[in-house]
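Supplied in C-alpha cells, the structure appears directly below.
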Amino acid sequence: MRAGKRDFSEILLASRTLERCNKIAKDVAELAGRTIQTAEVDADDVEQMRNLIRKFRPDLVINVALPYQDSRSWMRACRTSQLLGYRKLRTT
C-alpha cells in the first residue's frame, strides 16, 4: 500500500515487535522521507488494541496479518473504541 503525505497526514505502525516497526519506519524515512510513528501492541489483546486506538485516534485501521490469523480481536477493539464511522470492509 502506498501512502503519500497527501493521502494520510499521520501513520502509526504497530506490532508485537517494536524493533521490527522501528526498522520499517527507519527504512521508510530514508527511502521516502516520510515519518511513521511506531508502537508495540499485542493484536490478540483487545484491551491493548483499544487503548492504542483511543490514544492514536485513527481514521483508518488496516490489519495486515496473515490470513490464518484471527482478526476478531482488533475488529472488536475498533468497534468498541468509539471510532467515528466504524465499518468493516470486506476484502474477499
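Each reported figure results from applying straightforward, stated rules to the coordinates on display, with no laboratory input. Keep in mind it's a predicted model, so treat the numbers as computed, not measured.
Run the numbers for ASP42 and ASP27: contour at 0.36 nm per residue of separation, minus the present Cα-Cα distance, in nm.
That works out to 3.1 nm of additional length.
Whole-Hz ³J(HN,Hα) for each residue in the range 46-58, computed from phi via Karplus 6.51 cos²θ - 1.76 cosθ + 1.60 with θ = phi - 60°, x for glycine and proline: what do you get?
4, 5, 4, 5, 4, 5, 5, 5, 5, 6, 7, 6, x
Check ASP45: other-chain or 5+ apart residues with amide H under 5 Å from its amide H, H built from backbone geometry?
Those lying under 5 Å, H to H, from ASP45: there are none.
Right, next: What is the set of long-range amide H partners of ILE11 at a cut-off below 5 Å, with H atoms built 1.01 Å from backbone N?
When sequence neighbours closer than 5 places are left aside, the close amide H contacts are GLN37.
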